[in-house]
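> Below is the structure I would like to discuss, written out as structure tokens.
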Amino acid sequence: MVIFVIGGSGSGKSEFAENLAVELQRQDAGKLVYIATMEPLDEESKKRIRRHQDMRAGKGFETRERYTHLEGLEVRQDEVLLLECLSNLTANEMFSEKCQGRDAGEVIQAGLLHLAEQSRHLIVVGNNVFEDGLNYDGMTREYLRQMARLHQFLGKMADRVVEVVCGVPVEWRAYEIH
């Protein structure tokens, strides 16, 4: 099952996604894997990483750092994957020296398909970056375009789509067990 969790900064989407992963793991007895995409490049990113590590402490996650090239990540069929987050991954694919010049969206889509096919469950966390209405330079507009394409892709691919608003999950597409 693929679940796409989206929300604004500070919305509670990460905590919701972590708790959802833990619940899926309890139901299916799989292994919990946290795919961390934020590269610790500066003090602010290091603080965010520590905050997320503290949030998931004691929940049983194995952390695998993967900043680019999801298609090369080895996973097993019994794993419940939580990818945090799509925004960082997109920026990494677009702007890292190893990846420039490629279509980041297509590369990420292939990686997401790989993870979904190889794992029991895949939860992808994404940021809602489309609501401020500001004008941006060309590179930022391209980043937003790539993010929009990925959100559309995940919206179609996912069995379940949840937006978290102020800690409240809003189901846009719910998975029903028959």
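> Scan the stretch 4-49 for residues that are over 20 Å from V161 (Cβ atoms) and of a type in the set (S, T, N, Q) and jot them down.
If the condition is that a residue be over 20 Å from V161 (Cβ atoms) and of a type in the set (S, T, N, Q), then Q25, S45 are the ones that fit.
> From the residues in the stretch 44-70 that are closer than 18 Å to E15 by Cα and of a type in the set (A, V, I, L, M), which one is surrounded by the fewest Cβ atoms within 10 Å (Cβ to Cβ)?
Going through the qualifying residues, I end up with A57.
> Filter the stretch 1-37 down to the residues that are under 15 Å from the mean Cα position of the chain (by Cα), open to solvent by 40 Å² or more (accessible area, probe 1.4 Å) and closer than 19 Å to L115 by Cα and list them by number.
M1
> Can I ask one more? Can you pull out the residues in the stretch 119-148 that are assigned to a helix (DSSP H, G or I) and open to solvent by 70 Å² or more (accessible area, probe 1.4 Å)?
Here is the first cut: in the stretch 119-148, the ones assigned to a helix (DSSP H, G or I) are 138-148.
Passing the criteria: M139, R141, R145.
> Output the residue which, of all residues in the stretch 71-87 that are assigned to a helix (DSSP H, G or I) and not charged (D, E, K, R), is most open to solvent (accessible area, probe 1.4 Å). Write out each step before concluding.
Taking the stretch 71-87 and keeping what is assigned to a helix (DSSP H, G or I), we get 71-72, 86-87.
Filter once more, keeping what is not charged (D, E, K, R): 72, 86-87.
Details: G72: 45, L86: 0, S87: 8 Å².
Top of the filtered list is G72.
> Looking at (1) part of a loop (DSSP other than H, G, I, E, B); (2) closer than 15 Å to V124 by Cα; (3) touching a Leu at 6+ places or on another chain (Cβ under 7 Å), which is the one condition that is false for G60?
Unmet condition: (2).
> For L41, which of the numbered conditions (1) among the aliphatic types (A, V, I, L, M); (2) loosely packed, with under 15 Cβ neighbours inside 10 Å; (3) within 13 Å of the chain's Cα centre (by Cα) fails to hold?
Among (1) among the aliphatic types (A, V, I, L, M); (2) loosely packed, with under 15 Cβ neighbours inside 10 Å; (3) within 13 Å of the chain's Cα centre (by Cα), L41 violates only (3).
> Can you confirm whether F61 is touching a strand residue (DSSP E or B) at 6+ places or on another chain (Cβ under 7 Å) and of a type in the set (F, W, Y)?
So F61 fits the description; yes.
> Within the stretch 88-118, count every residue that is of a type in the set (S, T, N, Q), open to solvent by 10 Å² or more (accessible area, probe 1.4 Å) and either at pLDDT 95 or above or under 16 Å from the mean Cα position of the chain (by Cα) (or both).
Here the count works out to 4.
> Just to be sure, is L41 outside any loop (DSSP other than H, G, I, E, B) and of a type in the set (A, V, I, L, M, F, W, C)? I'd like the intermediate steps shown before the answer.
Values: outside any loop (DSSP other than H, G, I, E, B): no; of a type in the set (A, V, I, L, M, F, W, C): yes.
In short, no.
The values are calculated or read from the model by the stated rules, or taken from the named source; none is laboratory data. This is a predicted model, so every value here is computed, not measured. Neighbour counts are summed over all protein chains in view; Cβ atoms, including those assigned to glycine, are modelled from backbone coordinates with ideal geometry. Just the protein is used for accessible areas: all its heavy atoms, side chains included, with ligands, DNA and RNA removed. Shrake-Rupley method; radii C 1.70, N 1.55, O 1.52, S 1.80 Å.
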